[in-house]
Structure formats: structure tokens, C-alpha cells
1. Probe 1.4 Å, all protein chains in place: accessible area of residue 151 in Å², nearest 10?
2. Please list, or write none, the lysines whose alpha carbon is within less than 30 Å of the alpha carbon of residue 104, excluding same-chain residues fewer than 8 places away.
3. From largest accessible area down, sort 157, 355; use a 1.4 Å probe on the protein chains.
4. Roughly how far apart, in whole Å, are the Cα centres of segment 136-168 and segment 265-292?
5. Normalised by the number of residues in the chain, what is the relative contact order in percent for Cα pairs under 8 Å and 6+ residues apart?
6. Hey, what did segment 5-193 get for relative contact order, percent, Cα under 8 Å, at least 6 apart?
7. Per residue, what accessible area does the chain have, given a 1.4 Å probe and all protein chains present, in Å²?
8. Take peptides 81-90, 101-110, 314-323 and line them up by average Cβ neighbours within 10 Å, highest first, as a rough protection proxy.
Amino acid sequence: ADTACKNRPLDLVFIIDSSRSVRPEEFEKVKIFLSEMIDTLDVGERATRVAVMNYASTVKVEFPLRTYFDKASLKEAVSRIEPLSAGTMTGLAIQTAMDEVFTKEMGTRPATFNIPKVVIVVTDGRPQDQVQDVAASARTAGIEIYAVGVDRADMQSLRIMASEPLDEHVFYVETYGVIEKLTSRFRETFCAVNVCALGTHGCQHVCVSNGASYLCDCYEGYTLNADKRTCSAVDTCAPGRHECDQICVSNNGSYVCDCYEGYTLNPDKKTCSAMDMCAPGRHDCAQVCLSNDGSYSCGCYEGYTLNPDKKTCSAADVCAPGRHDCEQVCVRDGLFYTCDCHQGYTLNPDRKTCSRAITSSLVTTEESCKCEAIVALRDSVTSRLEALSSK
């Protein structure tokens with residue numbers, strides 16, 4: 001087996017998903033898988049070179065192809081890898097592999113050496129970016145892509161990114177706990193140590209070595225047909241076959257559970273809980289978010305009205321008919337108003353109603369002075385007349 005491996009050196013890059021959905025203990029399983037894969041390879045500067053990339057929302061080249069040429073150093077470097085824990089930017093990771101890893105400066109050997117450039121992507125989720133065009137560019141550039149899906153991995157995305165034939169480049173395991181069982185599959189593929197690895201066996205799903213012969217088997221959720229080569233899917237989402245609370249999604253002979261819109265899958269991967277749709281970042285209401293059993297509606301602060309888009313708000317015309325309680329005149333003041341009265345009326349103490357103004361009977365100061373002078377003159381004249389009369 002070792003001789004067969006030595007006859008096929010590779011420039012091999014592992015791209016491992018460490019997004020938030022991959023729990024710490026599961027990420028440790030991935031690292032064990034990498035270490036066991038390294039053990040099966042004939043590692044060396046003139047043999048197989050290994051690089052590891054770690055990705056989530058960002059991409060980190062843990063070490064390129066030029067760094068380690070012995071298994072012990074590689075495995076030690078793998079043991080130190082820490083998860084990034086956010087996002088699943090698979091397309092960005094493949095693009096980074098082309099731009100920054102498969103280069104002469106980073107240890108990739110020239111095309112004249114005719115050494116296969118191989119990528120193994122390990123992910124448990126759905127890419128949050130576009131992988132189809134990036135993967136196509138990588139394959140056109142001569143990079144062979146293997147896609148390994150775990151748990152809730154999106155099988156369609158795996159098939160989009162993988163090289164042809166898909167049956168030999170797309171693998172799926174139910175949990176990270178059993179990912180190590182793929183080690184022998186890759187050993188057979190890379191080393192061509194038995195009939196199963198030669199590609200002449202005719203098994204639709206799984207070829208199991210049996211000495212100089214082989215047997216066919218099927219992925220979980222499938223049964224072997226009478227021809228002992230092909231497989232038929234078991235309807236895993238039929239009533240009574242699954243434990244999903246809301247939605248059962250068939251997934252390559254197995255199934256995963258999902259939830260209706262406005263609900264989120266609980267840690268048990270089976271039941272669902274209503275999301276707080278009004279949590280920050282979950283809604284697009286401009287002012288007020290009103291939660292409503294897994295959904296939401298938007299509202300506005302006092303003095304604003306909801307626009308036709310049902311999201312944004314505009315300041316209300318507080319003096320529009322029916323919006324105020326002024327008897328005569330409404331005066332707008334920003335989001336508030338005050339009442340006033342027409343000419344000839346005065347505002348009552350209730351600051352809303354008006355009463356007709358009472359015309360004052362009092363004269364002005366100037367007029368009052370004139371009156372006093374006239375009265376004084378009149379009194380003076382009267383006094384003189386009375387004096388003359390008495391004589």
C-alpha cells in the first residue's frame with residue numbers, strides 16, 4: 001500500500017469549516033480526521049505535500065504546502081488549529097486556495113511535474129456565498145475538488161463544487177463522530193490499493209474491499225437492490241420514520257429537520273422554537289418592532305405614522321382634522337401642537353376652547369386726563385357763576 005502511495009505524490013490542500021455550527025468537540029474530530037489522513041499519505045518534499053486552510057466568515061491559511069514535509073510536524077501543526085466560529089464562506093475559501101496556496105511561492109510544484117492539485121473541503125453547512133463559479137474556475141485551473149458533507153451539509157452545494165464523477169468526489173457522513181471512516185475511502189482513492197479504488201467495480205454507492213474481491217453497499221437511508229450493485233432510497237421522511245417537530249427534509253438517503261419561517265431549530269436538531277423576530281438585526285422596522293408568534297409587524301413612535309412600505313415612519317400632521325382637540329385654531333409645533341383662537345376671541349383656561357372677547361368700557365390714560373380737565377373746568381365755571389349769582 002505504501003508503495004502505491006509513493007507512486008502518486010499530491011499537492012493536497014484541506015479546507016475545513018470551523019463556523020459557529022461546528023461545536024468544539026466536533027472540530028476536534030475534524031483534526032483527528034486530518035491527522036489520520038496524514039498517516040495514510042506518503043508525506044515528503046518530493047512526495048505528497050499538505051496544506052491546511054481554516055474558514056468561517058474569514059479564511060485563514062494555517063500552513064501552506066512549503067512548510068512541513070514530515071508527518072510529525074504536520075500533525076503537531078494540525079493539533080494547534082483553533083476554530084474561527086462564524087459564517088460559512090466556502091466560495092471565498094476556494095478562491096483563497098487558488099490565489100494564495102496553489103502558487104509556486106507557497107510550495108505548489110510546477111505544472112511540468114504533472115503532480116495533481118487536490119482540495120478536500122469539509123463542511124457541515126450551506127455556503128453563505130456563491131461557490132459555483134469559483135469552484136468551476138478552480139476545476140478549470142486543474143484543481144481536483146473533493147467535497148465532504150457532515151450532518152446538515154447542503155448536498156446540492158457539495159455537488160456544485162466537487163469534480164466529476166460526483167459519485168467519487170462527494171462524500172457524506174451523519175456526524176463528525178464518524179468522519180474518520182472516510183479515511184479508508186480516501187486512502188483507496190489516492191493509493192489505488194485495491195479493486196474498489198480502481199473505479200471498475202460498478203458499485204453505485206459504496207465499494208467494500210474483500211481481499212482480492214469486493215462487495216457493494218449503500219449509504220445510510222438506502223437499500224441494496226437485487227442486482228447487488230445499485231441502491232434505492234428509503235423514504236426517511238415518511239410518517240413514523242423521522243422525529244422532526246415541523247419539517248423533515250430528505251438528505252441523500254438520510255434526513256434533517258427544519259422549521260417553519262419564524263422558528264429556529266433547537267439544539268436537539270428535532271424540535272423548533274419561535275424566534276424573537278424583534279431581536280436586533282432580525283427585522284427591518286425603522287422605529288418599533290411588534291413580535292407576533294414567530295413573525296412581526298412594524299409600528300411607529302407617538303406622533304409618527306407608518307408609511308405604505310409597512311416599515312418606515314413619517315412625522316404625523318398633528319393639526320390634521322381629527323388629530324387635535326382645538327376648538328378654533330391648531331398651531332403645529334414639531335410633533336406637538338397648541339391651540340389658539342380667531343381674532344375677537346380669547347383662549348379659555350382649558351387651553352382648547354375659545355370665548356368671545358369682552359370690549360373694555362374703560363378709556364385710555366390720555367382720554368382719562370382729558371376728561372378730568374373738562375370736569376375741572378366745568379366745576380370752576382359753575383363756582384364762578386354761583387358766586388356772581390349770590391351778589
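The values are calculated or read from the model by the stated rules, or taken from the named source; none is laboratory data. Here the structure is a predicted model, which means the values were calculated and not measured. Methodologically, a virtual Cβ is constructed for each residue, glycine included, from the backbone with ideal geometry; neighbour enumeration extends over all protein chains shown. Accessible surface is based on the protein model in full, side chains and every heavy atom, while ligands, DNA and RNA are left aside. Shrake-Rupley method; radii C 1.70, N 1.55, O 1.52, S 1.80 Å.
1. 50 Å²
2. Leaving aside lysines fewer than 8 places away in the same chain, those within reach of residue 104 are 6, 31, 60, 71, 75, 117.
3. 355, 157
4. 33 Å
5. Value for the chain: 9 percent.
6. Once divided by the residue count of segment 5-193, the mean separation gives 25 percent.
7. 56 Å²
8. Highest to lowest by the protection proxy: 81-90, 101-110, 314-323.
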